[in-house]
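The values are calculated or read from the model by the stated rules, or taken from the named source; none is laboratory data. This one's a predicted model, so the numbers in the text were calculated from it and none came from an experiment. Reconstructed Cβ throughout: ideal geometry from the backbone, glycine too, with neighbour counts over all protein chains shown. All accessible areas refer to the heavy atoms of the entire protein, side chains included, with ligands and DNA or RNA removed. Shrake-Rupley method; radii C 1.70, N 1.55, O 1.52, S 1.80 Å.
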Amino acid sequence: MPSSPHVPDSATESPDPAVEHARRLTDTVTRLRRALRSSIRTDYPWESLPMAQVELLQTLASAPLRVGELAARQRLAPNTVSGLVGKLLDAGFVDRQADPGDRRTARIALTPAGRRQLDDWQRAHERRIATAFDTLDPADREAVVQALPALDRLARALAPPGAGADQG
């Protein structure tokens, strides 16, 4: 009788440590993002800007970009980004500027109102995180601080080629 190929039994074999670490990191990052999104409403209840729009404002904080460039950096479809940009235009948080390199296209840039909105949002997030950070014991605080450079390198490693250093 021929032997059957070995099929790993996930219940009896120990998982690959790298996969297990990746799973734990994914779970933690997902819970952290969810907690950040919901907690901002606690400290900043009047804020109704969806996270996708906040992320576009964050990306535009460093420089004006074309819609296609924004879409690539956010890993979204250009038509999705166009819709988000339309809402930000209506709110007065961004405007269209002529692209000096190609007069047929426009670049999207933060307005002063968009910069204020982003700064307010960022300060509220920082206050919320600082308050939570202060609840950790000193060893956990130090562990988080020590992990930041490695987490930044991991984020850069996961970014698409040519996406720039401002991904996040």
Handout entry: Residues of the stretch 132-168 classified as part of a helix (DSSP H, G or I) and modelled with pLDDT under 90, total
Key = 3
Completion exercise
If we ask which residues in the stretch 109-118 are open to solvent by 60 Å² or more (accessible area, probe 1.4 Å) and out of contact with any Leu (no Cβ under 9 Å at 6 or more places or on another chain), their number turns out to be 2
Problem - Scan of the stretch 126-138 for residues that are open to solvent by 70 Å² or more (accessible area, probe 1.4 Å) and free of Cβ contacts under 8 Å to residues at least 12 places away in the same chain, ordered by number - result: Glu126, Thr131, Asp134, Thr135, Asp137, Pro138
Handout entry: Sole exception among (1) among the small types (Gly, Ala, Ser); (2) more than 18 Å from the chain's Cα centre (by Cα); (3) not in a loop (DSSP other than H, G, I, E, B) for Ala124, by number
Key = (2)
Handout entry: Number of the exception - Leu76 against (1) within 24 Å of Thr111 (Cβ to Cβ); (2) within 19 Å of the chain's Cα centre (by Cα); (3) modelled with pLDDT under 85
Key = (3)
Handout entry: Breaking point among (1) out of contact with any Phe, Trp or Tyr (no Cβ under 6 Å at 6 or more places or on another chain); (2) more than 28 Å from Thr26 (Cα to Cα); (3) at pLDDT below 95, for Gln117
Key = (1)
Problem - Pairs with Cβ under 7 Å, 6+ apart, first in the stretch 96-113 and without any contact (Cβ under 8 Å) to a residue 40 or more places away in the chain, second of a type in the set (Lys, Arg) - result: Gln97/Arg107; Asp99/Arg66; Asp99/Arg107; Thr105/Arg66
